[in-house]
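See structure below.
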Amino acid sequence: MTKRKTTRRNSESVQEVSKQAPTTLSKFTAGYWRDRVFRPTYTRQGKRLQVAEWWAKIQHGGRREQLNLATNNREEAARRAVRLYQRVKSAGWDVALAEFAPDKAESKEDQVPTIGEFLPAVAAAADIAPRTLAIYSSSFRLLVAECFRMKRDNRRYDYVRGGRTRWI
C-alpha cells in the first residue's frame, strides 16, 4: 500500500483564523467591497503582470460578471462597486451594464435573432400566402436543425403532448 501525498499545510493555526472577526458587512457598503475588489493578472513574456485598475466580480440572477471599475484608488473602487451592485440588484444586468460598462452591454442591433424571432418578422414583412409561409417555415427549421446536428427523433411531430412546441 502506498502512502498518500499530503497537501501543503496552511501556516495559520485554527486559533489564529478563529480570532479574525467574521465579515458582517452588507454588500451595500464600501467596507464589504474594499477587500473584494481585485487587480487581474496576466502573463507576458514569462513575467506575471498586474492590471493597474481595480475590478469587481459580481454575481446576481445566475449571471456572473467581472467589471473594470476604472480607478486606481481602492477606496473609490469599493464605492463604485457598491453603486454597481445596487444598480444590478435594483434594475438588472442590462441597465447596470449600459451605465457602468457600455462596451459590455449588448444592444438589440448587435444580437442575432433566433428562428422564433426571425420567422414572425418575415411573416409580418412578406406578402406570402399563409400555407406557403408554413411550408417555408417548416423547411427552414429543418435545415437549421440539420446544420446544427440537432437530435432527430419523432417528438418534434408530437403536437398533443408539447413535443412540437419544445422542438420549435
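The values are calculated or read from the model by the stated rules, or taken from the named source; none is laboratory data. From a predicted model like this one, the values you see are computed outputs, not experimental measurements. Quick reminder, even Gly has a Cβ in these numbers, built from the backbone with ideal geometry, and neighbours come from all protein chains shown. For the accessible areas, the whole protein counts, side chains as well, though only heavy atoms, and no ligand, DNA or RNA atoms are used. Shrake-Rupley method; radii C 1.70, N 1.55, O 1.52, S 1.80 Å.
Within region 114-168, which residues are acidic (Asp, Glu) and open to solvent by 100 Å² or more (accessible area, probe 1.4 Å)?
We begin by selecting, within region 114-168, every residue acidic (Asp, Glu); these are 117, 127, 146, 153, 158.
Those that are acidic (Asp, Glu) and open to solvent by 100 Å² or more (accessible area, probe 1.4 Å): GLU117, ASP127.
Which number in (1) open to solvent by less than 90 Å² (accessible area, probe 1.4 Å); (2) closer than 30 Å to LEU142 by Cα; (3) within 20 Å of the chain's Cα centre (by Cα) marks the one condition that ALA91 misses?
Result: ALA91 passes all but (2).
Hey, can you tell me all the residues within region 104-124 that are more than 22 Å from ARG63 (Cα to Cα) and either modelled with pLDDT of 85 or more or touching a strand residue (DSSP E or B) at 6+ places or on another chain (Cβ under 8 Å) (or both)?
PHE118, LEU119, PRO120, ALA121, VAL122, ALA123, ALA124 - these are the residues of region 104-124 that are more than 22 Å from ARG63 (Cα to Cα) and either modelled with pLDDT of 85 or more or touching a strand residue (DSSP E or B) at 6+ places or on another chain (Cβ under 8 Å) (or both).
Considering (1) surrounded by 15 or more Cβ atoms within 10 Å (Cβ to Cβ); (2) outside any strand (DSSP E or B), say which one GLN111 fails and leave the rest.
(1)
I'd like to verify a number: residues in region 49-85 that are open to solvent by 20 Å² or more (accessible area, probe 1.4 Å) and hydrophobic (A, V, I, L, M, F, W, C), how many?
6
Can you pull out the residues in region 31-71 that are in contact (Cβ under 8 Å) with a residue 40 or more places away in the chain and basic (Lys, Arg)?
Within region 31-71, ARG34, ARG36 qualify.
Report the residue count in region 111-144 for those that are more than 30 Å from ASP94 (Cβ to Cβ) and small (Gly, Ala, Ser). Spell out the reasoning first.
Taking region 111-144 and keeping what is more than 30 Å from ASP94 (Cβ to Cβ), we get 126-136, 138-139, 142-143.
Pick out the ones that are also small (Gly, Ala, Ser) and you get 126, 129, 134, 138-139.
Number of matching residues: 5.
So, in region 143-168, exactly how many residues are in a loop (DSSP other than H, G, I, E, B) and either touching a residue at least 40 places away in the same chain (Cβ under 8 Å) or closer than 18 Å to GLY116 by Cβ (or both)?
Initial filter on region 143-168 (in a loop (DSSP other than H, G, I, E, B)): 148-153, 158-162, 168.
Cutting the leftovers down to either touching a residue at least 40 places away in the same chain (Cβ under 8 Å) or closer than 18 Å to GLY116 by Cβ (or both) gives us 148, 150, 159, 162, 168.
The total comes to 5.
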